[in-house]
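S.K.: Take this structure first; my questions come after.
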Amino acid sequence: AQGIQDAVERETVRRAQARLEAEQLNIDGDNALRDRKYDLAIENYRRALNILRFHPLIADKSLDERVLDQKLQSAVQLAEENDTAQRVAAEELARAERLTREAEQRNYRENKLRQLYAEANAAFQRERYGEAQTMADQILLYDPGNEAATQMRDIAQDARHLAVTEEN
């Protein structure tokens, strides 16, 4: 009779410990969900559900398998929505950064072309036709279809040849 009484007491203690652990996991899951730590909330709800499934006799109104399962499903859905929102935000940030880099590259290229054209024009004005032609060729490396640079190169080349011819 004493052995049976001890077994009953041990089982009662085991159930009480399981109930306390399941309740704590449920509370921890609620707190994690409130703090938007969805993975932790999911883990806590799953552990609490496993305890309830292993010890079905500890369930009551405040600690019910269906209620915990609903909380778990809600946490999973919120986690998925959060992941989607973070992915969309990351994609938008990446797109904005890409557009910024493209604009910076475009501005750099345009400034470089303006600078080269100004240098070519200044060389032409100083009658340094070889330099002007070289600068125009550099512009055409960056922008092969640049008509002004093509004209500058052709005019500088003709002027250089004319200057050499006049010297001879």
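S.K.: How large is Rg/Rh for the range 119-168, to two decimals, with Cα atoms and a Kirkwood Rh? Walk me through the intermediate numbers first.
M.R.: Working: Rg = 10.7 Å, Rh = 10.6 Å.
Rounded to two decimals, Rg/Rh equals 1.01.
S.K.: Work out the FRET efficiency for Ala103 and Asp39 from their Cβ-Cβ distance, taking R0 = 45 Å, and round it to the nearest 0.05. All intermediate terms of the calculation are to be shown ahead of the outcome.
M.R.: On the way: r = 38 Å, r/R0 = 0.84.
Computed FRET efficiency for Ala103 and Asp39 comes out at 0.75.
S.K.: Separate question: Counting only heavy atoms of the protein chains, get the accessible area per residue of the range 20-108 (1.4 Å probe) and round it to a whole Å² value. Before the final figure, lay out the partial values.
M.R.: Details: 6370 Å² over 89 residues.
Result: 72 Å² of accessible area for each residue.
S.K.: While we're here: Given (1) 11.4; (2) 16.3; (3) 17.6 as candidate values of mean projected area of the Cα convex hull in nm², which corresponds to the one derived from the coordinates?
M.R.: (3)
S.K.: For Leu141 and Arg114, what is the calculated FRET efficiency with R₀ set at 22 Å and r taken between the beta-carbons, to the nearest 0.05?
M.R.: Values: r = 15 Å, r/R0 = 0.69.
Efficiency for this residue pair is about 0.90.
S.K.: Gaussian network model of the chain, Cα springs within a sub-10 Å range: biggest mean-square fluctuation belongs to which of Gln105, Gln70, Gln151?
M.R.: Answer for the Gaussian network model of the chain: Gln151.
S.K.: Also: Enter the angle in degrees (range 0 to 90, nearest 10) between the Cα long axis of helix 147-167 and the first principal axis of the Cα atoms of the chain, meaning the one along which they spread out most.
M.R.: For helix 147-167, the angle is close to 30 degrees.
S.K.: In the Gaussian network model of the chain, springs joining C-alpha atoms below 10 Å, which of Asp39, Asp30, Asp158 carries the largest mean-square fluctuation?
M.R.: Judging by the Gaussian network model, the answer is Asp158.
S.K.: Under 11 Å from the Cβ of Thr134, count the other residues' Cβ atoms, weight Lys and Arg +1, Asp and Glu -1, and hand me the total. List each step's numbers first, then the result.
M.R.: Working: positive: Arg128, Arg153, Arg160; negative: Glu119, Glu131, Asp137.
Spelling it out: positives minus negatives among the neighbours equals 0.
S.K.: How large a share of the accessible area of the range 1-53, in percent, is made up of carbon and sulfur atoms when the probe is 1.4 Å and the other protein chains stay in place? Kindly include the intermediate steps, with their values, before the conclusion.
M.R.: Numbers: 1770 of 3630 Å².
Using a 1.4 Å probe with all protein chains present, the range 1-53 comes out at 49 percent carbon and sulfur.
S.K.: If you don't mind, there's one more thing I want to ask. Points 7 angstrom from Cα along the Cβ direction at Asn50 and Asn31: gap in nanometres?
M.R.: So the label points at Asn50 and Asn31 sit 2.0 nm apart.
S.K.: Normalised by the residues of the chain, what does the relative contact order come to in percent, with Cα pairs under 8 Å and at least six apart? Show your work: numbers first, answer last.
M.R.: Values: 123 pairs, mean separation 21.6, N = 168.
That works out to 13 percent.
S.K.: For Ile27, what accessible surface area do you get with a 1.4 Å probe? Give it in Å², rounded to 10.
M.R.: 80
S.K.: Between Gln5 and Arg95, how many nm apart are label points set 7 Å from Cα along the C-beta direction?
M.R.: So the label points at Gln5 and Arg95 sit 7.5 nm apart.
S.K.: So, one more: Using a basic spin-label model with each label point 7 Å from the Cα along Cα→Cβ, how many nm lie between Gln70 and Ala16?
M.R.: The answer from the label model is 3.1 nm.
S.K.: Then there's this: If we count every other residue with Cβ under 13 angstrom of Leu93's Cβ, Lys/Arg +1 and Asp/Glu -1, where does the sum land?
M.R.: Numbers: positive: Arg87, Arg95, Arg98, Arg101; negative: Glu91, Glu92, Glu97.
So the environment of Leu93 carries a net charge of +1.
The values are calculated or read from the model by the stated rules, or taken from the named source; none is laboratory data. Since this is a predicted model, take the numbers as computed values, not measurements. Neighbour counts are summed over all protein chains in view; Cβ atoms, including those assigned to glycine, are modelled from backbone coordinates with ideal geometry. Surface areas here come from the heavy atoms of the whole protein model, side chains and all, with no ligands, DNA or RNA. Shrake-Rupley method; radii C 1.70, N 1.55, O 1.52, S 1.80 Å.
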